[in-house]
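Colleague: Below you'll find the structure I mean.
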Amino acid sequence: MLAPKKSVLLGVLVGICQLPPAMAQAELAKTFIAVPGTNTLMTARNAVRSWHANGHADEVAVIVLREGDYALTEPLILDGRDGNANWLARTPDKTLITGGKHITGLAATPDGHWHAAPELHFEQLFINGERAARSRFPAKDRLPLGDLQVKELPAKRAQISVKVPAEIITALTADPIALAEHQILVFHKWDTSRYALSAFDPTNGTITVEGQPMTSWNPWNAQSFYLLDNCTGPSLAPGAWFLGPAGELNYHPLPGETLGQTEAVAPVLEQLLIVHGASNLHFRGLHFGYTGYRLPREGCPPVQAAAGIGASIQIDDAENLTFDNCEITHTGNYGIWLRSGCRHCRIEHCLLEDLGAGGIRIGEMGISQNPANLTGANVIANNIIRGCGRIHPSAVGIWVGQSANNEVTHNDISDTFYTGISAGWTWGYGPSQATNNDIGYNRIHQIGQGVLSDMGGIYTLGVSPGSTCVGNVIFDVCAHDYGGWGIYPDEGSSGWQIASNLVWHCTSVLSPSGGGFHQHYGASNNIVNNVFALSSGPPMQATRVESHLSFTLEHNLIISSNSAFFYGPWNKLQYASGSNCFVAYGQAAPLFPKGNLTAWQQVGHESGSILTALAVKGNWPDVTFPADSPVFAVGFKPFDAQLAGVTGDRAWMRRALESGNDGARHHPYFP
């Protein structure tokens with residue numbers, strides 16, 4: 001991040017410029033030059049509005065940002081007056097639209113820490129362009145929640161008390177103002193919830209929070225885990241920071257960090273850009289960074305996929321809007337949300353990294369009966385999304401809600417604590433607008449990382465006729481308690497074509513329940529020509545017995561690693577399965593529900609399937625088979641797994657292969 005610059009007025013270049021081909025609406029356009037400073041983007045917006053209002057409404061404006069920092073003290077808001085415009089960065093890697101503020105006055109103290117009094121309340125801090133770890137207890141672990149005391153309160157609220165270890169008692173205070181600066185973050189199955197402490201009883205060693213009651217299907221219980229944020233414990237770990245109730249900052253520098261060469265930035269905004277009602281609006285080569293999240297007084301109750309969290313860039317009622325070659329980093333929430341009424345929008349070749357929640361959201365949770373509010377026919381392609389869930393661990397890389405006809409293709413998604421791609425938002429067989437979505441050729445890996453449970457590399461909900469899940473490569477999915485699955489059709493998922501995906505190494509920390517595929521329940525899904533291989537548990541899992549045809553399973557290569565091939569009531573399920581190639585590594589037996597393959601075939605299953613050894617050329621995911629491989633005897637058709645992931649120049653493809661946010665500073669939950 002560059003040093004802040006004094007605010008100056010927009011400069012206007014009278015002339016014309018050639019638009020980039022991908023964003024061109026007219027061969028010639030009026031060009032405006034924006035200069036760095038505080039809220040100078042608003043000045044640029046107003047100049048374009050004036051030009052459009054003076055007889056140029058149908059002409060294209062180009063706003064070119066000179067290199068430097070564009071500091072915002074409020075979000076840039078664009079509406080119907082601001083369409084037909086292209087926002088470009090002259091030097092993308094040296095241009096930043098920021099919601100952060102520099103912390104000045106840092107001074108060293110005898111204890112080796114750095115102190116400042118910024119007179120600013122913030123809950124995230126970035127040191128030299130990296131997210132610094134907020135002080136927490138325990139420093140590198142999570143604690144079992146143990147026994148709880150729950151008390152019902154008026155107005156559908158509840159009070160929950162938790163017993164804490166003795167070593168934390170000395171770090172807490174009964175003063176309500178100071179106590180409210182401490183937060184508890186609880187991990188329960190697939191959800192997380194966060195609340196400020198409301199009371200502390202040092203005699204009994206308990207902390208108390210208040211908020212809405214937990215759901216009956218996923219409450220806090222003895223199997224949940226927790227940590228305390230903004231709580232130092234016995235000491236402040238290197239690289240961690242603590243903010244006192246009066247706004248005093250205490251930071252313990254890492255080895256090698258010096259005051260003279262350290263830049264400390266605290267976010268002052270939760271959103272940078274809000275678009276409502278603008279069409280033909282394009283952003284190219286822009287870097288958006290440093291937004292925060294402040295815990296509301298009522299806390300942050302659990303919502304699957306952190307769907308209750310907003311985004312740094314929020315779009316409503318937009319058509320033909322694009323983000324191309326942009327970066328969104330260091331957020332307190334999701335990166336971009338195409339929320340209501342967004343159609344024919346594109347997010348392509350963008351990097352979304354170090355995110356408080358997830359990367360990209362499409363559509364809403366509710367079903368709208370107004371066609372004007374429907375979001376659909378959008379393209380999310382060729383993006384790198386990594387480092388999700390840094391504040392809200394249950395967030396996902398790409399979330400598709402009640403939205404149809406979208407393409408989610410060739411993205412590289414990694415380093416999440418929950419699901420990679422989630423599609424659909426109807427539990428069961430009720431109405432759903434999440435139809436005809438294409439999820440294809442994405443590379444999804446390093447998912448879950450042993451933090452939460454019940455997740456998928458690709459996770460679906462509800463009835464979704466016409467939707468496809470094709471050509472994806474999914475690996476290294478790791479849940480905590482249970483349920484690290486590669487492809488996971490949950491809760492009524494129906495009408496999916498799931499074909500030619502490569503899935504391997506899906507695991508769980510506390511149980512051998514990870515697998516390549518799990519259908520909870522659904523109807524008429526077609527699982528064909530996939531490779532499900534080498535997970536910690538049975539590669540194929542299914543749960544609910546229903547009277548209709550649940551799925552068809554044909555022409556797949558299914559490789560077990562010291563486990564049976566199937567888990568669940570497969571002898572009672574309604575499904576069609578045949579012409580699959582099974583390969584067993586290890587000594588697990590029986591491999592099929594009736595013992596061996598022959599016995600399973602005699603009761604009407606797996607006609608034409610084989611159990612065989614297998615030779616593989618190369619290493620995962622570069623898996624090819626010799627021409628005489630038995631996999632071809634069952635009608636398996638080879639596909640090139642190398643096609644999954646981002647495309648384009650070598651530099652962009654290499655960037656997707658970077659390790660990204662690794663190291664202690666960037667993995668705050670330590671399974």
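Colleague: How many residues are out of contact with any Lys or Arg (no Cβ under 8 Å at 6 or more places or on another chain), of a type in the set (Asp, Glu) and surrounded by 24 or more Cβ atoms within 10 Å (Cβ to Cβ) when one looks only at region 439-489?
Modeller: 0
Colleague: So in region 257-278, with the set limited to residues that are more than 27 Å from the chain's Cα centre (by Cα) and of a type outside the set (Asp, Glu), which one is surrounded by the most Cβ atoms within 10 Å (Cβ to Cβ)?
Modeller: Of everything passing the filter in region 257-278, Thr262 is surrounded by the most Cβ atoms within 10 Å (Cβ to Cβ).
Colleague: Could you tell me how many of the residues in region 501-540 are over 18 Å from Ala423 (Cβ atoms), part of a strand (DSSP E or B) and among the aliphatic types (A, V, I, L, M)?
Modeller: 5
Colleague: Scan region 211-240 for residues that are surrounded by fewer than 18 Cβ atoms within 10 Å (Cβ to Cβ), more than 26 Å from Ile127 (Cα to Cα) and touching a residue at least 40 places away in the same chain (Cβ under 8 Å) and jot them down.
Modeller: Gln212, Pro213, Thr215, Asn218, Asn221, Ala222, Gln223
Colleague: Of all residues being under 23 Å from the mean Cα position of the chain (by Cα) and among the small types (Gly, Ala, Ser) in region 115-165, which is surrounded by the fewest Cβ atoms within 10 Å (Cβ to Cβ)? Just the residue, please.
Modeller: Only one residue tops the list, namely Gly129.
Colleague: Separate question: Considering every residue within region 626-635, establish whether at least one is assigned to a loop (DSSP other than H, G, I, E, B), in contact (Cβ under 8 Å) with a residue 24 or more places away in the chain and under 24 Å from Ser493 (Cβ atoms).
Modeller: No: region 626-635 contains no residue that is assigned to a loop (DSSP other than H, G, I, E, B), in contact (Cβ under 8 Å) with a residue 24 or more places away in the chain and under 24 Å from Ser493 (Cβ atoms).
Colleague: Still on this structure, please answer the following. Exactly one of (1) assigned to a strand (DSSP E or B); (2) over 26 Å from Tyr521 (Cα atoms) is unmet by Ser560. Its number?
Modeller: Condition not satisfied by Ser560: (2).
Colleague: Can we say Asp69 is under 33 Å from the mean Cα position of the chain (by Cα), among the acidic types (Asp, Glu), modelled with pLDDT of 95 or more and buried (at least 17 other Cβ atoms within 10 Å of the Cβ)?
Modeller: Criteria met by Asp69.
Colleague: Give region 279-297 a look and list any residue that's more than 24 Å from the chain's Cα centre (by Cα) and either of a type in the set (S, T, N, Q) or surrounded by fewer than 17 Cβ atoms within 10 Å (Cβ to Cβ) (or both), or say none.
Modeller: Ser279, Asn280, Arg297
Rundown of residues vs (1) closer than 23 Å to Ala306 by Cα; (2) free of Cβ contacts under 8 Å to residues at least 12 places away in the same chain, yes/no style:
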residue: Asn128; (1), (2): no, no
residue: Arg142; (1), (2): yes, no
residue: Ala155; (1), (2): no, yes
residue: Ile160; (1), (2): yes, no
residue: Ile184; (1), (2): yes, no
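Colleague: Within the bounds of region 593-608, is there any residue that is in a loop (DSSP other than H, G, I, E, B), touching a Pro at 6+ places or on another chain (Cβ under 9 Å), β-branched (Val, Ile, Thr) and in the same structural domain as Ile558 (by TED's automatic domain parsing)?
Modeller: For region 593-608, residues in a loop (DSSP other than H, G, I, E, B), touching a Pro at 6+ places or on another chain (Cβ under 9 Å), β-branched (Val, Ile, Thr) and in the same structural domain as Ile558 (by TED's automatic domain parsing): present.
Colleague: Specify which of the listed residues (Thr208, Thr203, Thr192) is of a type outside the set (Lys, Arg) and without any contact (Cβ under 8 Å) to a residue 12 or more places away in the chain.
Modeller: Thr203 is the lone residue from the list that is of a type outside the set (Lys, Arg) and without any contact (Cβ under 8 Å) to a residue 12 or more places away in the chain.
Colleague: Go through region 452-500 and tell me which strands (runs of 3 or more DSSP E), entirely inside it, have 3 or more residues that are over 17 Å from the mean Cα position of the chain (by Cα) and free of Cβ contacts under 8 Å to residues at least 40 places away in the same chain.
Modeller: Working: elements: 455-470, 473-479, 484-499.
Of the strands (runs of 3 or more DSSP E) lying wholly inside region 452-500, those with at least 3 residues that are over 17 Å from the mean Cα position of the chain (by Cα) and free of Cβ contacts under 8 Å to residues at least 40 places away in the same chain span 455-470, 484-499.
Colleague: Among the residues of region 510-534 satisfying the criterion of being at pLDDT 95 or above and under 24 Å from the mean Cα position of the chain (by Cα), which is surrounded by the fewest Cβ atoms within 10 Å (Cβ to Cβ)?
Modeller: His520
Colleague: Residues that are of a type in the set (Val, Ile, Thr) and at pLDDT 95 or above: list the strands (runs of 3 or more DSSP E) wholly contained in region 90-148 that include at least 3 such residues. It would help to see each step written out before you state the result.
Modeller: Values: elements: 95-98, 100-102, 114-116.
In region 90-148, the matching strands (runs of 3 or more DSSP E) lie at 95-98.
Colleague: Taking the conditions exactly as written (within 25 Å of Met365 (Cα to Cα), in the same structural domain as Ala305 (by TED's automatic domain parsing) and of a type outside the set (D, E, K, R)), does Gly450 satisfy them or not?
Modeller: The answer is no for Gly450.
The values are calculated or read from the model by the stated rules, or taken from the named source; none is laboratory data. These numbers were taken from a predicted model, which means no experiment stands behind them. Heads up, the Cβs are rebuilt from the backbone with ideal geometry, glycines too, and the neighbour counts pull from every protein chain shown.
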